[in-house]
Amino acid sequence: MRPPLTNLPIVMTDVTVRAGDVTVLGPLSAALAPGAPTVLLGPNGAGKSTLIRLAMGLIARTSGRMTWGGRLAPIPERAAIVFQRPVMLRRSVRANIAFALAGRGLSRAERRERVRGLLDAAALGALAERPARPPRRGAARPRPPAPGRGPP
């Protein structure tokens, strides 16, 4: 039996990311191994988000060497990332989950079944048809009338 495919460990050796003449990250050598969670701490602008995007294969390094599970490129199906401000499309909870699964090569029936299972596992079945995005702040509340303009 073959071991499961994984992107771990992610090994970076003398990796640098530049934007024009500015070095945004590096040079950095590090390894992200399976097991306990890895925590990144640092002040604003330290390169934490850049490092995560680099590790996920979302941006390219300018120099250095990287491997994902011993390979020169990550397996996209084995990668997931949640940004600080998650992007929810203007669709229902169900439609957002289905959209995320669309690139997996599943048939429509398989996607429908998978979505149902994920909604049940997260106890979101009752909310499946609700909009995934909350109303904009203040949009759900009526505004009070301006002083002197309200009903008598």
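The values are calculated or read from the model by the stated rules, or taken from the named source; none is laboratory data. All values reported here derive from a predicted model rather than from experimental measurement. Methodologically, a virtual Cβ is constructed for each residue, glycine included, from the backbone with ideal geometry; neighbour enumeration extends over all protein chains shown. When the accessible area is computed, the model is the full protein with side chains, heavy atoms only, and any ligands, DNA or RNA have been set aside. Shrake-Rupley method; radii C 1.70, N 1.55, O 1.52, S 1.80 Å.
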When the Karplus curve 6.51 cos²θ - 1.76 cosθ + 1.60 is applied with θ = phi - 60°, which whole-Hz ³J(HN,Hα) does each residue of region 13-18 get, with x for Gly and Pro?
10, 6, 7, 9, 10, 10
So how far apart, in nm, are the two label points at Ala60 and Ala128 if each is 7 Å from Cα heading toward Cβ?
4.2 nm
Using 7 Å Cα-to-Cβ label points, what is the Leu101/Ile75 separation (nm, one decimal)?
2.0 nm
At 1.4 Å probe size, with no ligands or nucleic acids counted, give the accessible surface of Thr38 in Å², nearest ten.
90 Å²
Point-charge dipole on Cβ atoms (K/R +1, D/E -1) for region 1-92, about Cα centre, debye to 20:
340 debye
For every other residue with a beta carbon closer than 13 angstrom to the beta carbon of Ala132, add +1 if it is Lys or Arg and -1 if Asp or Glu, then tell me the sum.
+4
